[in-house]
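Peer 1: Take this structure first; my questions come after.
The values are calculated or read from the model by the stated rules, or taken from the named source; none is laboratory data. Remember, predicted model here, so these are calculated numbers, not experimental data. Ideal geometry is used to build each Cβ from the backbone, glycine not excepted, and the neighbour counts take in all protein chains shown.
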Amino acid sequence: MELTKSAVGRKILMAITGQLLIVFVIVHLLGNSSIFVGPNGINAYAEHLHSLGPLVWVFRAFMFAALAVHGLFGIQLSLENRAAKPIAYAVKNRLRANFSSETMLYTGLLLLLFLVYHICQFTARVTPDIVSGVDATGRFDVFTMVVSSFQQGIIALIYAASMVVLFLHLSHGIQSFFQTMGWNNDKTLPTIGKGSKLVAAVLLVGYVSIPFAILAGALKI
């Protein structure tokens, strides 16, 4: 059974928006990594972002739209696939089913829940663990906020577990993008698969290094 033109279009849009979200995840990690420079590093980075004013909200709106399209089409296609198995991809299906591919819907929903929590925590700053204040130069003290939150083991554990979920989602999602766009074949599939897992693993290590460094005392107030 072949996908309809509508389903093909949705799958392509889901793939493209997924890659936009991956780019955001990479850029976000680079910004967060400024915490290893110390208070001046991440506080200066946060101040620079806020100095962009309306551009920040335009970017957030764009990423929210990309997330909405990716999530909505992902849910729709997953439900349609379950209702009409076996169903083919827009191109020849060369990816072997594995735990990551079989749980894409669930890992996606878990990541959505984590994103809501993450925004409430470090953007809206409404969770009870948040310590608000300013540094010696009058900038909002992001360093103290993050360190004091991750010093609580349960919060660090939630964050680390969510990054494992991100690893599972991306390890299949990246290679699925190449399949959807028709850019893979039997020769390139192993390389693309390994590359996808490598990118996902680098992001996992990068993100969890922050709470682990705080719990280990390498970063402290």
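Peer 1: Pick out the one residue from Tyr106, Tyr117 that is among the aromatic types (Phe, Trp, Tyr), closer than 30 Å to Leu79 by Cβ and either touching a Ser or Thr at 6+ places or on another chain (Cβ under 6 Å) or touching a residue at least 12 places away in the same chain (Cβ under 8 Å) (or both).
Peer 2: On the way: Tyr106 fails: either touching a Ser or Thr at 6+ places or on another chain (Cβ under 6 Å) or touching a residue at least 12 places away in the same chain (Cβ under 8 Å) (or both).
Just a single option satisfies the conditions, and that option is Tyr117.
Peer 1: For region 165-193, which positions are of a type outside the set (Gly, Ala, Ser), buried (at least 16 other Cβ atoms within 10 Å of the Cβ) and at pLDDT 90 or above? Let's see the steps before the verdict.
Peer 2: Going residue by residue through region 165-193, those that are of a type outside the set (Gly, Ala, Ser) are 165-170, 172, 174-175, 177-181, 183-192.
Now narrow it down to the ones that are buried (at least 16 other Cβ atoms within 10 Å of the Cβ): 165-170, 172, 174-175, 177-180, 184, 189, 192.
Val165, Leu166, Phe167, Leu168, His169, Leu170, His172, Ile174, Gln175, Phe177, Phe178, Ile192 - these are the residues of region 165-193 that are of a type outside the set (Gly, Ala, Ser), buried (at least 16 other Cβ atoms within 10 Å of the Cβ) and at pLDDT 90 or above.
Peer 1: Could I ask something else about it? Out of Val69, Val25, which single residue is closer than 21 Å to Tyr159 by Cα, in contact (Cβ under 8 Å) with a residue 12 or more places away in the chain and among the β-branched types (Val, Ile, Thr)? It would help to see each step written out before you state the result.
Peer 2: Values: Val69 fails: closer than 21 Å to Tyr159 by Cα.
Of the residues listed, the single one that is closer than 21 Å to Tyr159 by Cα, in contact (Cβ under 8 Å) with a residue 12 or more places away in the chain and among the β-branched types (Val, Ile, Thr) is Val25.
Peer 1: I would also like to ask the following. Leu79: surrounded by 15 or more Cβ atoms within 10 Å (Cβ to Cβ), under 23 Å from the mean Cα position of the chain (by Cα), modelled with pLDDT under 90 and not small (Gly, Ala, Ser), yes or no?
Peer 2: The answer is no for Leu79.
Peer 1: If a residue counts only when it is surrounded by fewer than 16 Cβ atoms within 10 Å (Cβ to Cβ) and either modelled with pLDDT of 95 or more or acidic (Asp, Glu) (or both), which helices (runs of 4 or more DSSP H) contained entirely in region 93-153 have at least 2 such residues?
Peer 2: So the answer is 104-118.
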